[in-house]
């Protein structure tokens with residue numbers, strides 16, 4: 001039987017590789033690993049879940065069984081995926097995009113996210129965009145105006161204000177530090 005499991009803190013391709021490799025090493029018949037989930041073939045769900053919980057916790061992940069927490073993790077993953085392909089182009093409202101992708105009413109999604117994470121979806125997305133801005137600044141391939149355009153800001157000043165509010169530094173000061181002060185995506189709250 002194929003069983004799907006949802007996993008907290010899987011935010012990158014390296015996470016997928018780690019989860020796949022570690023589960024295979026433990027003898028789990030992995031069928032598919034995606035950001036935030038894994039499908040396995042199992043005859044003994046209880047034994048498989050025990051092994052999965054052990055492997056995941058040893059690697060900084062966590063099995064999610066609560067439907068509300070699964071929904072919240074799906075929101076995070078959708079937002080992270082949005083920022084993988086720049087320039088960002090929302091073609092409408094973030095709320096409409098999430099409601100469509102998650103096949104759920106946005107008010108339910110938003111309320112569940114806020115209650116669970118103690119943070120609105122919009123504020124979380126701003127934090128993700130600031131981390132992406134840090135990454136782009138460190139890459140030194142785009143100027144600040146281009147970075148703001150890639151992150152779908154109406155103007156550079158708006159990004160600058162949000163950047164300073166989140167980091168305590170101006171974008172120029174951050175660039176001048178020439179150090180990596182980025183926050184891991186699974187640690188953003």
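Where a number appears in this text, it was derived from the coordinates with a stated rule and is not lab data. All figures in this text were calculated on a predicted structure; none of them were measured in a lab. All Cβ positions, even for glycine, are placed from backbone atoms using ideal geometry, and neighbour counts span all protein chains on display.
Compared with the dominant principal axis of the Cα atoms in the chain, helix 156-167 is inclined by about 60°. Reducing segment 1-32 and segment 164-178 to their Cα centroids gives an inter-centroid distance of 37 Å. Extending 7 Å from Cα along the Cβ direction at residue 85 and again at residue 107 yields two label points whose distance is 3.1 nm.
Sorting the segments 37-46, 67-76 by their residues' average number of neighbouring beta-carbon atoms within 10 angstrom, most packed first, yields 67-76, 37-46. Compute a Gaussian network model of the chain, connecting alpha carbons closer than 10 Å, and tell me which residue from 110, 160, 57 fluctuates the most. Between 110, 160, 57, it is 57 that shows the largest mean-square fluctuation.
For the pair residue 45 and residue 58 in one chain, pulling the backbone fully straight at 0.36 nm per residue adds 2.7 nm over the alpha carbon distance. Helix 121-139 versus the longest principal axis of the chain: what angle, 0 to 90°, nearest 10, using Cα atoms? Once rounded, one gets 70 degrees. For the chain, take the longest principal axis of its alpha carbons; what is the angle in degrees between that and the long axis of helix 106-117, to the nearest 10 within 0 to 90? Helix 106-117 and the main axis of the chain meet at about 90 degrees.
Orientation-averaged projection of segment 1-111 equals 7.5 nm² [convex hull of Cα atoms, one quarter of hull surface area].
Shape analysis of segment 2-64 based on the Cα gyration tensor places the equivalent ellipsoid semi-axes at 16, 12, 11 Å, largest first. The alpha carbon convex hull volume per residue for segment 105-189 rounds to 102 Å³. Label positions at residue 31 and residue 96, each projected 7 Å from the Cα along the C-beta direction, are separated by 3.5 nm.
When shorter helices are ignored and each DSSP H run of at least 4 residues is given -39500 (n - 2.57), the per-residue value for the chain at 222 nm works out to -18000 deg cm²/dmol.
Between residue 181 and residue 20, what is the label-to-label distance in nm when each label sits 7 Å out along the Cα-to-Cβ direction? Going by the 7 Å Cα→Cβ label model, 3.6 nm.
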